[in-house]
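Take a look at the structure set out below.
The values are calculated or read from the model by the stated rules, or taken from the named source; none is laboratory data. Values in this document were obtained by computation on a predicted structure and should not be read as measured data. Cβ placement follows ideal geometry from the backbone for every residue including glycine, while neighbour counts extend to all protein chains displayed.
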Amino acid sequence: MPDLCSQTVKRGAHRNVRPGIWCSPTGPATAVVIAHVAAGTSTIRVGAGGVMLPNHAPLVIAEQFGTLAALHPGRIDLGVGRAPGSDQLTARALRRTLTGDVDQFPQDVMELLHYFEPAQPNQAIRAVPGEGTRVPVWILGSSLFGAQLAAHLGLPFAFASHFAPAQMMQAIHLYRAQFQPSAYRDEPHVMLGLNIVAAPTDEEARFLFTSIQQAFVNLR
């Protein structure tokens, strides 16, 4: 995997984003994969795209990505989403319950951001070594909810247009119109997901792309 990332760097890539999809070859242990990729490269930014925050305690994520940021300063990004990232059986195994409130996601994001800030006097709970690292946090989304939250918090926004393109332009316009400058960003910043297939020939690339098309059909 680091060899593949090194090749993308040679071709001009600046960031490598690892998924957070359970029951898949590279998705479950996102922080572990990021550590492996970052250790095998030297300049490219490496991030999570993303951590499904309802499946985790914000403190645990702050400690994991704070550790990554301490090991690889200035190279770690953290994208967070509110989707389950799995089927219901796997979600139950991860969370031990399915009664979690999705409305808790904004509070979880703010708690996570708090752990990345410098510790305050008499602060009872601290993320070590997460505190003070200010790991860049992205809000991931495939709807207008994520766009509104990212705008309200003044965070960068990544839209999942690689599998949910219908609301892409509406979400971007909403995010930019409602963006509130913050300590994290002075102006809006958007990332889009695209499906790209690389192959020796166009014919082979088109053939490989049919697997992506089939995956979309299976989701219907």
Exercise. State whether the residues of region 159-168 include one that is surrounded by fewer than 12 Cβ atoms within 10 Å (Cβ to Cβ) and modelled with pLDDT under 95.
Key: yes
Self-check item: Counted residues, region 189-205 - those being under 26 Å from the mean Cα position of the chain (by Cα) and either surrounded by 10 or more Cβ atoms within 10 Å (Cβ to Cβ) or among the small types (Gly, Ala, Ser) (or both)
Solution: 8
Quiz prompt | Pair list, Cβ < 9 Å and 6+ apart or interchain, from region 71-92 residues that are under 24 Å from Phe116 (Cα atoms) and in a helix (DSSP H, G or I) to residues that are of a type outside the set (Ser, Thr, Tyr) and at pLDDT below 95 | solution = Leu71/Ala35; Leu71/Ala38; Leu71/Ala39
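Is it fair to say Gly12 is modelled with pLDDT of 90 or more and either surrounded by fewer than 16 Cβ atoms within 10 Å (Cβ to Cβ) or β-branched (Val, Ile, Thr) (or both)? Can you show your working first?
Numbers: modelled with pLDDT of 90 or more: no; either surrounded by fewer than 16 Cβ atoms within 10 Å (Cβ to Cβ) or β-branched (Val, Ile, Thr) (or both): yes.
Criteria not met by Gly12.
So which of Ala119, Ala166, Ala124, Ala147 ends up being of a type in the set (Gly, Ala, Ser), over 18 Å from the mean Cα position of the chain (by Cα) and in a helix (DSSP H, G or I)?
Numbers: Ala119 fails: in a helix (DSSP H, G or I); Ala124 fails: in a helix (DSSP H, G or I); Ala147 fails: over 18 Å from the mean Cα position of the chain (by Cα).
Checking each option against the conditions leaves just Ala166.
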Quiz item: Any idea which of (1) among the polar types (S, T, N, Q); (2) surrounded by 15 or more Cβ atoms within 10 Å (Cβ to Cβ); (3) at pLDDT 90 or above; (4) assigned to a helix (DSSP H, G or I) is the one Thr133 doesn't satisfy?
Solution: (4)
